[in-house]
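Here is the structure we will look at.
What follows is calculated from the coordinates using simple rules that are stated; it is not laboratory data. As the structure is a prediction and not an experimental result, all values here were calculated from the model. All Cβ positions, even for glycine, are placed from backbone atoms using ideal geometry, and neighbour counts span all protein chains on display.
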Amino acid sequence: MALLPLPKPSTLARAALLLSLALGAHTLAARELRGWSVHADDYPVNMGMQRFADVVGPATQGKHSARVYGNSQLAPQGAVLEKITSGEIDFAEVGVVGYGEKVPALRVLGVPYMFHGSEQMFALLDGELGNLLAAELEKAGVILLGWYDGGTRNFYHRSKPLRALSDFADVKLRVGNTKTHIDMVNAMGAKAVPIAFKDTYKSIEDGGVEGAENNLPSYESTGHYKLAPHYSFTQHLVSPEMLILSKKTWDQLSKPEQARLLEAGRQSARFMREEWNRRLKEIQARLSKQGVKFYNGSDYGPFVRRMKPLYEPLWTASDPVSRRALSLILASMAQAPTR
Ligand code: BDP
């Protein structure tokens, strides 16, 4: 028996199909978007994230809401990037080096002694460099909503200043679990011990490590200053951080919703940076009263020379984005005041 030809779908039916596909692309079922942070709720990062979360309702005409889960509640620090790519977590605030595997150009931002300070760093990130990296991040499955401030990081120790290279010899120091930070501390002659942020207090207390490195707001918020009251301004890292949204979530939002959330992310970053600077002004005086001893750092030269193994792969990187990132930073360094 001859088969009858299938009827051609009518123009109307085809239009209906296309429409349903187009709508399907942004039909995120109404729900709470969940945000991950390593910090407590009153920390500038979470305050910035909360600003973003508050806009999710109005930006989606009340369809979705958002909530910030602090203190690594949603996932351990080491698992967050995977969960954000898979869409299990919708948004998060993280440092840049963790993404180095997926976006090699981010490694350029994460190596020591790369920026003079936050001002120079944000002048770059709010311009071509930031856009370049945002495009790479999108390819890796996340949308950059805003560049947050991770501040200037310094070393601290239970019983002594860590100023010159000789002070670091064989000292056990906590670092985040990233190759860049492990290599950095080992290159200084110390012994890097990778530990999650929230487990560091206990490790200093138990003597597993003698100290760590972080910015002043984290040094205070974690209470590390109580156990390791010798804080030296080594300024080895000026660290950009980022508010990111899972592309899985993003792709299910409509174009106007995406535009509103992007703007909310940018605004949250501006707010976060102001809050950060406001807080920085008060911390040192407050901690001095608690008995913390502050020390100036020493000459950077010997430290920078030790970082050669970290820099070399960057100088020789062949991917064009890393090369462009490097040249933009070096050009701005030549203009920035020396520190
Ligand atoms: C904090 C940063 C956070 C890092 C943490 C750490 O805000 O992104 O993960 O330090 O050292 O200051 O693990």
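Among the aspartates and glutamates, which have Cα under 18 Å from the Cα of Lys308 when same-chain residues fewer than 8 positions away are ignored?
Asp183, Asp299
Give the cross-link partners of Lys289 among the lysines, using a straight C-alpha distance below 22 Å as the criterion and excluding same-chain residues fewer than 8 apart.
Lys160, Lys226, Lys281
Using a 7 Å offset from the Cα along the Cα-to-Cβ direction at both Glu82 and Ser318, what is the distance between the two label points in nm, to one decimal?
Taking the two extended label points, one gets 3.0 nm.
Order of Arg286, Arg107 from fewest to most other C-beta atoms within 10 Å?
Arg286, Arg107
Any idea what the relative contact order of segment 72-198 is, in percent, if you count C-alpha pairs under 8 Å spaced at least 6 apart?
20 percent
Given 0.36 nm per residue, what is the gain on full extension from Gln284 to Ala30 after removing their alpha carbon distance, in nm?
Between Gln284 and Ala30, full extension yields 87.0 nm more.
Considering only the chain, what is the antiparallel percent among its DSSP beta bridges, to the nearest 5?
55 percent
For segment 40-89, what class follows from the C-alpha gyration tensor (a ≥ b ≥ c being the square roots of its eigenvalues): rounded when a/c is under 1.5, otherwise prolate if a/b is larger than b/c, else oblate?
Note, shape of segment 40-89 comes out oblate.
Using modelled amide H (1.01 Å from N, peptide plane; none on Pro or chain starts), what sits under 5 Å from the amide H of Gly146, excluding residues fewer than 5 places away?
Result for Gly146 returns Leu243.
Which residues in segment 179-195 place their backbone N less than 18 Å from a point set 7 Å from the Cα of Arg158 along the Cα-to-Cβ direction?
So the set is 190-195.
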